Each structure stands twice: as C-alpha cells, then as structure tokens.
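Structure, as structure tokens:
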Amino acid sequence: MQSQLTVRLPGGLEKGITNLAKRLHLNRSDILRMALEKFIGEFGRDEEDKSYDKVKSIIGAVSSGITDLGESHRKYLLKKFNKNA
C-alpha cells in the first residue's frame, strides 16, 4: 500500500530536484523515492552492521604468529603491559 507524504523544500533544493528529474527523464517523485531509499539504506541499518561492513575486508588479513592468541589473549596483554610499565 502506498502512502502520500507532503514535504516543504527550499527553492534551491526543489529546483535541483526538478532539473535532475528533467535530465534523467523521471518524475520528481521518482527522484525523491530513490534518494530516500539510498538514505535509509545507508543510515537506517544497525550500528553493528555498519561496523562489520567497515572491517570485513581486513578480518583475517594479518597474522600475529601467535597460535593461541584468541585463547590466551589476557596473558599476552599482561606481558605487553608489564614490559612497557
């Protein structure tokens, strides 16, 4: 089911939407729908999803050479802190 939304726009923004719609041979409504879909797609996700997306390409890309780092991380952190203290 579609619903209608009325929005007040400053003149410059309205003119920009109108010009873009003419150039792309679309309705102004189409331009606004596309813009809202992109905005919601980018900013409407959970923070956790965005954080993972930022680092997913580097996960597992670097090796520390320590085979039990995940299991004994506290031991290695304390060793590092004591060394620098």
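At a glance:
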quantity: Fluctuation leader among GLY41, GLY65, GLY12 - the chain, Gaussian network, Cα springs under 10 angstrom; calculated: GLY65
quantity: Helix 28-43 vs. the chain, principal-axis angle (Cα, 0 to 90°, nearest 10); calculated: 10 degrees
quantity: Entries of LYS22/LYS56; LYS15/LYS54; LYS22/LYS50; LYS54/LYS75; LYS50/LYS83; LYS54/LYS80 with Cα pairs more than 32 Å apart; calculated: LYS22/LYS56; LYS15/LYS54; LYS22/LYS50; LYS50/LYS83
quantity: Relative packing of 73-84, 23-34, which averages over residues the other C-beta atoms within 10 Å, highest first; calculated: 23-34, 73-84
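Just so you know, all these numbers are worked out from the coordinates, no wet-lab data involved. What you see is a predicted model, and the numbers here were worked out from it, not measured in a lab. Heads up, the Cβs are rebuilt from the backbone with ideal geometry, glycines too, and the neighbour counts pull from every protein chain shown.
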